[in-house]
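Participant: The following block contains the structure, expressed as structure tokens.
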Amino acid sequence: MHRLIKFVENPLLNKHLERQATSLEMGFLDPSSEDFEEAPQIIVAELEHSQAINRIIDWKRRWPECYVALSVSELDRERWIAAESVGADLVANRGALPRLLRDKMKLLQQGDSLTKQKLRLKAKAVVNSGDGLVGRLPDSPEDPIAVFRMGNQLCAVRDVCPHAGFSLADGEFNPVSGSITCPEHGSRFQVCTGERLRGPADYPLRIYPALSEQEEIWVEIEQEA
């Protein structure tokens, strides 16, 4: 049995989701309790919910392989990216989500994986002395990415401050704490976890796996299959 859960209040969205599931002879389980005997395979929720970001974090911690899909009614790009940063697999506007989710339900029905494809990109090396900014990907398929070195660890982050869009690579980096401070308004983040340490930014940074091979820096991003 397929384990589909939705935490959706909008009646029209509920109607369309149920219709798409029914067309595949599938259905959503009762979401009244999250103490499921088996891990959900798909969770659908609304990004406008006040606790949406925290709920995504909790779901991904408890069920790492669960596919989390979110609807949005109004475009808030930074909130959208924040949701993806903490683990949302699909974010789409309310009208498109049921159709996009149907494609995922069909894959699930066929026994296919919902996992995204992983793409490795080589960063452009930055010449500097000591720890700090070591690589940049200004033209990645997503947003610009900056790579920092903290001790022996490489940490890659979205190189856009969620507050006003300034490049974080131009900010002050602390190699001991791993914090980067936005050069424009002073928002501060931890580059290895993406955690927001200080505002005015409201959201964390998106992070990416990074590694070094034969003196070259590579960053891994995920894309839909």
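The values are calculated or read from the model by the stated rules, or taken from the named source; none is laboratory data. Model, not experiment: these values are computed from the prediction. We place every Cβ from the backbone using ideal geometry, glycine too, and count neighbours over all the protein chains shown. These accessible areas exclude ligands, DNA and RNA; they are computed on the full protein's heavy atoms, side chains included. Shrake-Rupley method; radii C 1.70, N 1.55, O 1.52, S 1.80 Å.
Participant: What single numbered condition from (1) basic (Lys, Arg); (2) exposed (fewer than 14 other Cβ atoms within 10 Å of the Cβ); (3) in contact (Cβ under 8 Å) with a residue 40 or more places away in the chain fails to hold for residue 104?
Facilitator: Here residue 104 meets the rest and fails (2).
Participant: Now, a different point. For the stretch 11-26, state whether one or more residues are within 16 Å of the chain's Cα centre (by Cα), polar (S, T, N, Q), surrounded by 18 or more Cβ atoms within 10 Å (Cβ to Cβ) and modelled with pLDDT of 90 or more. Step through it out loud before you land on a result.
Facilitator: Keep residues of the stretch 11-26 that are within 16 Å of the chain's Cα centre (by Cα), which gives none.
No.
Participant: Something else about it: Quick one: count up the residues across the stretch 72-92 that are over 22 Å from residue 193 (Cα atoms) and open to solvent by 80 Å² or more (accessible area, probe 1.4 Å). Steps first, please.
Facilitator: From the stretch 72-92, those over 22 Å from residue 193 (Cα atoms) are 72-76, 92; that's our starting set.
Checking which are open to solvent by 80 Å² or more (accessible area, probe 1.4 Å) leaves us with 74-75.
Qualifying residue count for the region: 2.
Participant: If you go through the stretch 169-192 one residue at a time, how many are modelled with pLDDT of 95 or more, touching a His at 6+ places or on another chain (Cβ under 7 Å) and either in a strand (DSSP E or B) or open to solvent by 30 Å² or more (accessible area, probe 1.4 Å) (or both)?
Facilitator: Here the count works out to 0.
Participant: Please name all residue pairs, on different chains or six or more residues apart, with Cβ atoms under 9 Å, provided the first residue is in the stretch 180-201 and is on the phi > 0 side of the Ramachandran plot and the second residue is basic (Lys, Arg).
Facilitator: 186/198; 194/158; 194/206
Participant: In the stretch 13-56, what residues are of a type in the set (A, V, I, L, M, F, W, C), in a helix (DSSP H, G or I) and touching a residue at least 40 places away in the same chain (Cβ under 8 Å)? Before you say what the answer is, go through the steps one by one.
Facilitator: Here is the first cut: in the stretch 13-56, the residues of a type in the set (A, V, I, L, M, F, W, C) are 13, 17, 21, 24, 26, 28-29, 36, 39, 42-45, 47, 52-53, 56.
In the following step, the residues that additionally are in a helix (DSSP H, G or I) were identified as 13, 17, 21, 52-53, 56.
Hits for the stretch 13-56 are 13, 17, 21, 53.
Participant: State all residues of the stretch 115-144 that are under 18 Å from the mean Cα position of the chain (by Cα) and over 11 Å from residue 218 (Cα atoms); if no residue qualifies, say none.
Facilitator: The answer is 115, 116, 117, 118, 140, 141, 142, 143, 144.
Participant: Return the total of residues in the stretch 193-225 being surrounded by 14 or more Cβ atoms within 10 Å (Cβ to Cβ) and of a type in the set (Gly, Ala, Ser).
Facilitator: So the answer is 4.
Participant: Which one is nearest to residue 160 (Cα to Cα), of the residues in the stretch 38-62 that are of a type in the set (A, V, I, L, M, F, W, C) and open to solvent by 30 Å² or more (accessible area, probe 1.4 Å)? If you could, list the steps in order and put the result at the bottom.
Facilitator: Of the residues in the stretch 38-62, the ones of a type in the set (A, V, I, L, M, F, W, C) are 39, 42-45, 47, 52-53, 56-57, 59.
Now narrow it down to the ones that are open to solvent by 30 Å² or more (accessible area, probe 1.4 Å): 39, 57.
Details: 39: 34, 57: 21 Å.
Ranking the candidates gives 57 first.
Participant: Also, quick follow-up: Filter the stretch 127-147 down to the residues that are touching a residue at least 24 places away in the same chain (Cβ under 8 Å), over 20 Å from residue 86 (Cα atoms) and either open to solvent by less than 70 Å² (accessible area, probe 1.4 Å) or of a type outside the set (Asp, Glu) (or both) and list them by number.
Facilitator: Result: 130, 132, 133, 134, 135, 136, 137.
Participant: Sticking with this one: Name the residues in the stretch 193-225 that are small (Gly, Ala, Ser) and assigned to a loop (DSSP other than H, G, I, E, B), would you? I'd like the intermediate steps shown before the answer.
Facilitator: As a first pass, look at the stretch 193-225 and keep what is small (Gly, Ala, Ser): 194, 199, 201, 210, 212, 225.
Result: 194, 199, 201, 225.
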